[in-house]
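The values are calculated or read from the model by the stated rules, or taken from the named source; none is laboratory data. Note that the structure is a prediction, hence the values are computed from the model and not measured. Cβ coordinates were reconstructed from backbone atoms using ideal geometry, including for glycine residues, and neighbour counts include every protein chain displayed. In case anyone asks, the SASA skips ligands and DNA or RNA and just uses the protein heavy atoms, side chains included. Shrake-Rupley method; radii C 1.70, N 1.55, O 1.52, S 1.80 Å.
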Amino acid sequence: MTHDSESLSNQPTQLTELQSGAALFIWTLRQWVSAARAKVCIHTALDERYRAESCPDGVALADELFCILSAAAIRPVNILCHHANYISPDEERLVLVLQALERKELEKAQAELTSIISWPLNRTFCRTANEYVKSINQAKLSCVGIRKLRVV
């Protein structure tokens, strides 16, 4: 997974390359879109997984994030179906936002988001995303790091 906007990969990032927090975020985003389309209660679709991850606050924060995203996007945002084993460039950009926030790089997070959300709501999205990151970090989940590397 890349770590800056200039180097978004031409090769799709595989879900297995994401840290646990980033993978949970992508799963949540895809489930949220599917539930919204099917007119299913978002909390019903997400609660069990977040309870299992010891992160019950994550559902409400994710719902708020994705409501902001759906209302404030300046262009269509490409979210893949939940069966896809890789992430779209838009999903990758959103993960980059979470990674920057986890590293306490607010300006970088806001810059990553400018191609998706206009400035006034960009800050609102980042504020809620920061709370989401804190919530998943408390559950010992992270968005930062590369899972392809391991000590042998």
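Quick one: would you say LEU29 is part of a helix (DSSP H, G or I) and in contact (Cβ under 8 Å) with a residue 24 or more places away in the chain? Show your work before the answer.
Working: part of a helix (DSSP H, G or I): yes; in contact (Cβ under 8 Å) with a residue 24 or more places away in the chain: yes.
Judged against the criteria, LEU29 is a match.
Assess whether VAL133 counts as being surrounded by 14 or more Cβ atoms within 10 Å (Cβ to Cβ), of a type outside the set (Lys, Arg) and in contact (Cβ under 8 Å) with a residue 60 or more places away in the chain.
In short, yes.
Within region 80-107, track down each residue that is over 22 Å from LEU141 (Cα atoms) and under 14 Å from the mean Cα position of the chain (by Cα).
The answer is LEU80, PRO89.
Based on what the data block shows, is ASP57 open to solvent by 90 Å² or more (accessible area, probe 1.4 Å) and not polar (S, T, N, Q)?
Values: open to solvent by 90 Å² or more (accessible area, probe 1.4 Å): yes; not polar (S, T, N, Q): yes.
When the stated conditions are applied, ASP57 passes them.
So, in region 1-31, of the ones that are touching a Ser or Thr at 6+ places or on another chain (Cβ under 9 Å) and among the hydrophobic types (A, V, I, L, M, F, W, C), which residue ends up modelled with the lowest pLDDT?
Checking each candidate, the answer is MET1.
Would region 108-120 turn up any residue that is within 22 Å of TYR50 (Cβ to Cβ) and over 11 Å from the mean Cα position of the chain (by Cα)? Please lay out each step first, then the result.
Going residue by residue through region 108-120, those that are within 22 Å of TYR50 (Cβ to Cβ) are none.
Within region 108-120, none of the residues are within 22 Å of TYR50 (Cβ to Cβ) and over 11 Å from the mean Cα position of the chain (by Cα).
Answer yes if at least one residue in region 33-54 is closer than 18 Å to PHE125 by Cα, open to solvent by 80 Å² or more (accessible area, probe 1.4 Å) and not hydrophobic (A, V, I, L, M, F, W, C), and no otherwise. Spell out the reasoning first.
Kept after step one, since they are closer than 18 Å to PHE125 by Cα, are these residues of region 33-54: 33.
Narrowing the set further to residues that are open to solvent by 80 Å² or more (accessible area, probe 1.4 Å) leaves none.
Checking region 33-54: not a single residue is closer than 18 Å to PHE125 by Cα, open to solvent by 80 Å² or more (accessible area, probe 1.4 Å) and not hydrophobic (A, V, I, L, M, F, W, C).
With respect to ALA84, is the statement that it is closer than 16 Å to LEU29 by Cα, open to solvent by less than 40 Å² (accessible area, probe 1.4 Å) and aliphatic (A, V, I, L, M) true?
yes
Which fully enclosed helices (runs of 4 or more DSSP H) of region 52-152 have 3 or more residues being at pLDDT 95 or above and of a type in the set (Ser, Thr, Tyr)?
Hits in region 52-152: 119-138.
Can you find a residue that is open to solvent by 50 Å² or more (accessible area, probe 1.4 Å) and touching a residue at least 24 places away in the same chain (Cβ under 8 Å) anywhere in region 92-100?
Of the residues in region 92-100, the ones open to solvent by 50 Å² or more (accessible area, probe 1.4 Å) are none.
No: region 92-100 contains no residue that is open to solvent by 50 Å² or more (accessible area, probe 1.4 Å) and touching a residue at least 24 places away in the same chain (Cβ under 8 Å).
Only one residue in THR128, THR124 is touching a strand residue (DSSP E or B) at 6+ places or on another chain (Cβ under 9 Å), in contact (Cβ under 8 Å) with a residue 40 or more places away in the chain and either over 22 Å from ARG75 (Cβ atoms) or of a type in the set (Val, Ile, Thr) (or both), so which one is that?
THR124
List pairs: first residue in region 38-67 and of a type in the set (S, T, N, Q), second residue part of a loop (DSSP other than H, G, I, E, B) anywhere in the structure, Cβ distance under 7 angstrom, at least six positions apart or on different chains.
Short answer, once both residue conditions are applied: SER54/ALA139.
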